[in-house]
Amino acid sequence: MSEKMNNLFAANTNESTATGARSLAGTAQLTSIANTISQELINKISTDTETYGEQFENSKTDHNAMDALINLMIDLSTVETEFLKELDEETLNSMLKSQQSKRSRSKNKTMTLDNYRNLMSGAVSELLIRQVMGKAKSSMGYRRASGSVEYTAEELEMFKNDQEALKREIRNVQSKKSIMKSKADFTEEDERWGQLIAAEETLKSMRVGGGVKTVFVVVDKTGEQLKAELGDKDIDSIKAADAKALLKKLLEAASGKVEAEEPTAE
């Protein structure tokens, strides 16, 4: 683990990791797989903090950000989960609740490297269980398939109503673009690149802005007034009293008595 990566975590503490009184069938194997995946992903983040930095930081405190980061970095559908498919629904539901509790406990602890590894392991485990059960997480339902950037009408409506989720998905697509563009065989003619561009444009079009920005242009017409007052008079021939009177008028105009044009929208 790089020194730079270690500096992104708090120092190790004496906080202990709680363990359950009993272990559900399949839990040990699931934990072993999740721990291996988590370590691989952490190593990958360590070697490319520029690409994953922002999502990595968000994943420390946001479960949805953690799920999105995992799905961005690995296709969980390729992970061996046959042993989970042999378990009954009641056992899987109990395992799911157990992993959710593990994630909550880890999230509330000091974010050391070991604790982050546990947090990510719990997330990987939960995602694998949900994958086997066909039970999508409601708050991240748009992540139907790892790497997918094609959205249903319902998913787009969800993004429209949840601007934070929309921002996360835009960042997710942009990260995919950065990763793809960094590859040696990258070409803009690639169909996948076109899908990413289209997805980003679609998502960005759904952002809610702060309304029309109005710019007020204040026009100082002191110079025009001076020309009008002078007319064809020769400045050298103006009497002192007249000059003072003219100066007084100009000072009054410059003190704030200016006209404003109609606002224009950018």
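The values are calculated or read from the model by the stated rules, or taken from the named source; none is laboratory data. None of the values given here were measured: they were computed from a predicted structure. In this analysis, Cβ positions are derived from the backbone assuming ideal geometry, glycine residues included, and neighbour counts consider all displayed protein chains.
Structural remarks
- Number of residues in segment 48-76 that are at pLDDT 90 or above, assigned to a helix (DSSP H, G or I) and surrounded by fewer than 16 Cβ atoms within 10 Å (Cβ to Cβ): the value is 1.
- Subset of segment 93-117 [within 23 Å of residue 28 (Cβ to Cβ) and either touching a Cys at 6+ places or on another chain (Cβ under 8 Å) or outside any helix (DSSP H, G or I) (or both)]: 109
- First in segment 159-174 and closer than 18 Å to residue 61 by Cβ, second anywhere and acidic (Asp, Glu), Cβ under 8 Å, 6 or more apart: 171/54
- Taken over segment 234-266, the criterion of being at pLDDT 70 or above, surrounded by 10 or more Cβ atoms within 10 Å (Cβ to Cβ) and either outside any helix (DSSP H, G or I) or touching a strand residue (DSSP E or B) at 6+ places or on another chain (Cβ under 8 Å) (or both) is satisfied by 238 alone.
Yes/no matrix, rows are residues, columns are (1) over 23 Å from the mean Cα position of the chain (by Cα); (2) at pLDDT 95 or above:
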residue: 86; (1), (2): yes, no
residue: 92; (1), (2): yes, no
residue: 95; (1), (2): yes, no
residue: 101; (1), (2): yes, no
residue: 111; (1), (2): no, no
residue: 124; (1), (2): no, yes
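- Search result, residues across segment 118-137 that are basic (Lys, Arg) and in a loop (DSSP other than H, G, I, E, B): 135, 137
- Of all residues in segment 1-47, those being buried (at least 16 other Cβ atoms within 10 Å of the Cβ), in a helix (DSSP H, G or I) and at pLDDT below 85 number 1.
- Which listed residue is of a type in the set (Asp, Glu) and either part of a loop (DSSP other than H, G, I, E, B) or touching a Leu at 6+ places or on another chain (Cβ under 8 Å) (or both), from 80, 90: 80
- For segment 132-155, the candidate set comprises residues that are modelled with pLDDT of 80 or more and out of contact with any Leu (no Cβ under 6 Å at 6 or more places or on another chain); within that set, the residue that is surrounded by the most Cβ atoms within 10 Å (Cβ to Cβ) is 135.
- Residue within segment 59-78 that is more than 23 Å from the chain's Cα centre (by Cα) and not assigned by TED's automatic domain parsing to the domain that holds residue 173 present: yes
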